[in-house]
Amino acid sequence: MPRLHLFNWALKRTDRIKKLVDAANAKALQITAWGFDPALAIAIRFAVAENLVQSTSTGYQLSEKGRNFVVEILKDPDAFTSERLLLVEIGKDITEAMVEKVAKGWESS
């Protein structure tokens, strides 16, 4: 969940997106805190209820219905253009371990 909230928080402003891209390039997350949006938790509960997402022991994953939904969305090249570009640029370079390291710092403060 913290990583989902990080991406959700970053996508709201260009300066935050730049920080996330810089962190991905540096392979080090220098963002010390980010917002947790209750609307994201509601959206995830809705996605679970609609069987688009499944809860797992480590978080959430797309269900088959969810993957099919994403395939349909991706057919429209104009849908989520800026978000797609950001996610392609970041790739898998913002890892769960990087996010957990920052989150552990919250617990010790």
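The values are calculated or read from the model by the stated rules, or taken from the named source; none is laboratory data. Everything quoted here is computed from the prediction, not taken from an experiment. Here the Cβ positions follow ideal geometry from the backbone for every residue, glycine too, while neighbour counts run over all protein chains shown. Quick note on the areas: whole protein, heavy atoms, side chains included, nothing else; ligands and nucleic acids left out. Shrake-Rupley method; radii C 1.70, N 1.55, O 1.52, S 1.80 Å.
Out of the residues in region 13-54 meeting the condition of being in contact with a Gly (Cβ under 8 Å, 6 or more places away or on another chain) and part of a loop (DSSP other than H, G, I, E, B), tell me which one is least open to solvent (accessible area, probe 1.4 Å). Only one residue tops the list, namely LEU52.
Of all the residues in region 59-84, those that are open to solvent by 80 Å² or more (accessible area, probe 1.4 Å), of a type in the set (A, V, I, L, M, F, W, C) and outside any helix (DSSP H, G or I) number 1. Scanning region 88-98 for residues that are of a type in the set (A, V, I, L, M) and either surrounded by 13 or more Cβ atoms within 10 Å (Cβ to Cβ) or in contact (Cβ under 8 Å) with a residue 12 or more places away in the chain (or both) turns up ILE90, ILE94, MET98. On the stretch given as region 52-102, residues that are at pLDDT below 90 and either farther than 30 Å from GLN30 by Cβ or more than 15 Å from the chain's Cα centre (by Cα) (or both) total 3.
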